[in-house]
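For reference, the structure discussed in these notes is given below.
The values are calculated or read from the model by the stated rules, or taken from the named source; none is laboratory data. Just so it is clear, the model here is predicted, and its values are computed rather than measured. Here the Cβ is made from the backbone with ideal geometry for all residues, glycine too, and neighbour counts use every protein chain on show.
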């Protein structure tokens, strides 16, 4: 009896099997002062958080002081959220002549930035097969 076909078929299944996906990430945004425009939310992995591309995200219409969104399709791992409230709907995070944001913004874990975005170590959170929950206060 030979185990070679069994080993080869097991390897083939492992290679062809899709990567496991994490459960949904539910993000609730609180303390929204103006019920206009949209929240522009990006979900980043460690490689993208410091200025790279988001791996997922959402544009959430603001029609209440609290809004929620569910993000799906992430692999299990660590992620960080950056968001801003595009109050005037121009698609950009507006700033004053000194570069300071004039529209509300926030980060996962309610992390605070000093002279820039919150640091990865403060904003990162774990997404498992069960998913994750983030409740973020919009500043």
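Below is a table of values for the structure above.
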quantity	calculated
Residue count for the range 77-108, restricted to those that are surrounded by 13 or more Cβ atoms within 10 Å (Cβ to Cβ) and out of contact with any strand residue (DSSP E or B) (no Cβ under 8 Å at 6 or more places or on another chain)	2
Boolean, residue 57 is modelled with pLDDT of 95 or more and in contact with a strand residue (DSSP E or B) (Cβ under 6 Å, 6 or more places away or on another chain)	yes
Checking residue 18 against (1) modelled with pLDDT of 95 or more; (2) part of a loop (DSSP other than H, G, I, E, B); (3) loosely packed, with under 14 Cβ neighbours inside 10 Å, the condition it does not meet	(1)
Test: residue in the range 53-63 that is surrounded by fewer than 16 Cβ atoms within 10 Å (Cβ to Cβ), closer than 17 Å to residue 36 by Cα and free of Cβ contacts under 8 Å to residues at least 12 places away in the same chain	no
Qualifying positions in the range 110-121 - touching a strand residue (DSSP E or B) at 6+ places or on another chain (Cβ under 6 Å) and at positive phi	110
Residue check, residue 124 more than 24 Å from residue 34 (Cβ to Cβ) and in contact with a strand residue (DSSP E or B) (Cβ under 9 Å, 6 or more places away or on another chain)	yes
